[in-house]
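Note sheet for the following structure.
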Amino acid sequence: MGKYKMIFSAGLVISFLGSLPPGLLNIAVLQVSDEKGFVPALSYAAGATLAEMTTVRIVLSGMKWFNSRRRFFSVLEWLTAFVLVLFAGVCFLAAWSMQDLAKIIPQSFLPPFLTGLLFSLLNPVHFPFWLGWSGFVFSKGSLKRDTQHYNWFIAGIGLGAMGGFLVYITGGAYLFDIIHQYQYILNGVFGIILLLAAVLHIRRMVKIPLYI
């Protein structure tokens, strides 16, 4: 049982910490929480989490296939970089035009659960993120090619993702007060963070030395 607790904890920690940086999914759950309340925001988070868990299951099942298709993985990596740069641009646009970032993100007319599911499924960051982390956990010998291992790992990921969303949902009112007061500054800060993440992501892909 101890080995399952370890792999569960690994999935939980990786997922929770990975869900904390600001991004499209987190900003969207803040928007849902502010406009519709706690329960719809929780429903959105559940949909997004289900999509992420499904993505991880696909990654784990097709690990050998993905690793043998380096070109496919490279396309995903560049798509991730593009999305990071695109969202950074959206943040800078919001800051420059003096608009609320929430108004820049398109509204969805679907129920919150389906909105979260759709947004998360369309998020290209999930595949390279979990392919990289799953490979790392495999390399450490913690995760085995076993259904029970996969289930515990994915369960931890689901709990970690929900925990990350709950941080934004429960702190939504406070965070929105800050955003409304300093929204243009925060938009710029979010843009810088995302642009920096894109630069580091591209640097890792092309293996450019970084001298600081």
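Tally up the residues in the stretch 125-142 that are open to solvent by 40 Å² or more (accessible area, probe 1.4 Å) and within 11 Å of the chain's Cα centre (by Cα), please.
So the answer is 3.
Determine, yes or no, whether Ile27 is open to solvent by less than 60 Å² (accessible area, probe 1.4 Å), modelled with pLDDT of 85 or more and among the β-branched types (Val, Ile, Thr).
Spelling it out, it is not the case that Ile27 is open to solvent by less than 60 Å² (accessible area, probe 1.4 Å), modelled with pLDDT of 85 or more and among the β-branched types (Val, Ile, Thr).
Looking at Leu101, is it modelled with pLDDT under 70 and aliphatic (A, V, I, L, M)?
yes
Going through Gly132, Gly191, Gly158, Gly171 one at a time, which residue ends up being at pLDDT 85 or above, on the phi < 0 side of the Ramachandran plot and either touching a helix residue (DSSP H, G or I) at 6+ places or on another chain (Cβ under 8 Å) or not acidic (Asp, Glu) (or both)?
Gly158
Give just the number: which of (1) at pLDDT below 75; (2) more than 18 Å from Val13 (Cα to Cα); (3) under 14 Å from the mean Cα position of the chain (by Cα) does Ala95 not satisfy?
Single failed check for Ala95: (3).
State all residues of the stretch 38-74 that are part of a helix (DSSP H, G or I) and at pLDDT below 70; if no residue qualifies, say none.
Result: Met63, Lys64, Trp65, Phe66, Asn67, Ser68, Arg70, Arg71, Phe72, Phe73, Ser74.
The values are calculated or read from the model by the stated rules, or taken from the named source; none is laboratory data. Since the structure is predicted, the reported quantities are computational estimates derived from the model, not experimental observations. No Cβ is skipped: glycine too gets one built from the backbone with ideal geometry, and neighbour counts run over all protein chains shown. Accessible surface areas use protein heavy atoms only, side chains included; no ligands, DNA or RNA. Shrake-Rupley method; radii C 1.70, N 1.55, O 1.52, S 1.80 Å.
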